[in-house]
């Protein structure tokens, strides 16, 4: 399993090199890897049929319990087959859809990286590796959504998707850390037996909240749903792979995986039912009024994801069975519709539903695939969608007092989804063919065979559900519930209430299709409410934050060094002043102070005079020279107190500083008066107060007990360990060598920068 995951990342690294070197005319061969992975996991079917799991573990960071643990059970098996199987078809489809694209190699690299990340996510059996692969899916999807990076809308959509899903990733990490703290266990498969202790822990509520935020952001649940329609700016293979079969279902997988651990609790069930019901109805309503094919499919996808969250929230065996079946149902028909939409856009140049019709006359195989997908989407027999819809109604009808409310919401949602499916899968292919489309032709087999194959599977599994009952669906249900399932998938259950509800759904959805004609007017009426939508609120808050940040930055980072110094010194003055006068008892032992000698007084007078000339001089050269005198006065003080090394260092620095200032002055404009007397008074008071506080701090330090343990160690070992008689040099070069080398590096960088500025000769236009 590790090889299956790593191979995707290896392909992502090497495929640009291979395609750049070989420059192949066809890239369909890239699909060999996902197909091989699909075949590898398909060979594990006997193990899954036997009810067993395959576990593999590799040590990674054993000190903190982070291992590469992989677990192949029924739930992960379903997702692995979807990722690799649909991935194979998407890779084949891409070879024709983006044929000749300048950055096709880059696209394949991103696609392979995403596939590997998703495989790692669904196979992970360690809470920390789960988080790592979760974040890798967000990063790789960012590259895929923003693939058309010359388009501002694509860049914006990619950033929005990354921001929302990345935000959720932070909460996933918090949830995983919380579970680790509660149980001390890092293997996900080992958490189910500890469910009772986890749910009784005080941290359970926080873990639940953080996990919900992670799942809701990734699976586009209300109010985090808005990133998904925007992500449709990506190429169609991305929409197919990420937004129908894999990435958006990562949140669903997370909820299903942790149902045995965190489920069967009032907080879990109530939250998922409410959020799922709100999402599926909200998105279904929006799908009714969209004019763009991808927009229709985007909102219908959000609605379908809401159904899955809703079913997991119900938590009954019937509901979890319905969720297991619907994951596969939705992946098959929605991937088909996305691929068909890509063909329509590729051949006609438009996705506007009002301009499309009669395409069966020029691309019949594509129309057949779309019609099969629309039938499965609508839940019309003998499709697999009919089986899934019946199971949904069976689950809602068993919910006691609120059964009719939940069933009513399900019927309304399914009717709206039927309308959306007919609009995307039937409307473009029936009716009169527009004159401008009569010269269209059927695309290559690499484009129409993948959706046709998926459409046929949607019908085949409906006619013969036994093909996947024991091999896929039962293992999934067993993984989620922990119990041996006892059910049989059938297309026909006789005449009953569920059949009546299906008939009502099909009838109302079909009537809606014929009666409701999408138009710009209807869409504009819906968009009036966008001002109070979650997206608008979040964008408004983001814009306010940006405005505040801009004003904050403009105030504190206005480009003037003097203001930076004022800010820093003011902050330190307030901090030190508060600390001194609230928590420190100031006491200065004057007996420990030495008398001021005559030569010390002379040096202080020279220093004070130099400071005066530095501040009040009208000549830059005089100010620089006076500043040098201040530095040389410090050198004298160091010599008075037997610190020749410090004196020599200070002398070198001051000499270099004066030289650099003089060189810089040569290239500066004439002296400008940038401050008035008020500014000087302000700066002077700040300097005096800060200097006084530093002086008090220095005097206060003298009252603290001084340990000579470190100094004695250096003195004793300077020659023994460092082979040097100068203790200071040994400390700088040996004991604190890393500090010194970093300091030297900083000085070298500064010197290079100064040298570059001195050698820089800008043109007059560049100076402006």
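Descriptive notes on the structure:
- The range 619-698 and the range 325-396 have Cα centres lying 77 Å from one another.
- Three-way shape call for the range 235-317 based on the alpha-carbon gyration tensor, with the a/c threshold at 1.5: oblate
- Mean Cβ count within 10 Å, highest first, over the residues of peptides 500-511, 570-581, 227-238: 227-238, 500-511, 570-581
- Between 0 and 90°, nearest 10: helix 561-583 axis offset from the chain longest Cα axis: 80 degrees
- The share of C-alpha pairs in the range 601-679 whose separation exceeds 18 Å stands at 50 percent.
- Over the range 709-768, equivalent-ellipsoid semi-axes from the Cα gyration tensor in Å: 44, 9, 7
- Ranked by the mean number of other Cβ atoms within 10 Å per residue, highest first, peptides 650-657, 707-714 order as 650-657, 707-714.
- Counting neighbouring beta carbons within 10 Å and listing from fewest to most, the residues 492, 267 come out as 492, 267.
- Using alpha-carbon coordinates, inclination of helix 445-463 to the longest axis of the chain, degrees: 60 degrees
- Mean-position separation - Cα centroids, the range 1-53 and the range 474-518, in angstrom: 35 Å
- If you bin all the Cα-Cα distances of the range 80-238 at 10 Å, starting from zero, the percentages per bin are 11, 34, 32, 16, 7, 1.
- Counting all C-alpha pairs of the range 1-157, share separated by more than 28 Å (%): 26 percent
- Taking one quarter of the surface of the convex hull spanned by the alpha-carbon atoms of the range 173-248 gives a direction-averaged projected area of 6.2 nm².
- Using every pair of separate Cα atoms, the Kirkwood estimate puts the hydrodynamic radius of the chain at 31.3 angstrom.
- In the range 491-610, the convex hull through the Cα atoms has an average projected area of 22.7 nm², a quarter of its surface area.
- Taking Cα atoms only, the orientation of helix 384-397 departs from the longest principal axis of the chain by about 80 degrees.
- Dividing the C-alpha radius of gyration of the range 157-308 by 2.2 N^0.38 Å, with N its residue count, gives 1.09.
- The helix-only estimate of mean residue ellipticity at 222 nm for the chain, built from DSSP H runs of length n ≥ 4 each weighted as -39500 (n - 2.57), is -23000 deg cm²/dmol after division by the residue total.
- With the largest listed first and rounded to whole Å, the semi-axes of the equivalent ellipsoid of the range 264-518 from the Cα gyration tensor are 32, 20, 15.
- For 599, 564, the sequence from fewest to most other C-beta atoms within 10 Å is 599, 564.
- The simple spin-label model puts a point 7 Å past each Cα toward its Cβ; for residue 726 and residue 555 those points are separated by 5.0 nm.
Only the coordinates and a few stated rules stand behind these numbers; no lab work does. What you are looking at is a predicted structure, and each value in this text was computed from that prediction instead of being measured. Neighbour counts run over all protein chains shown; Cβ positions are idealised from the backbone, glycine included.
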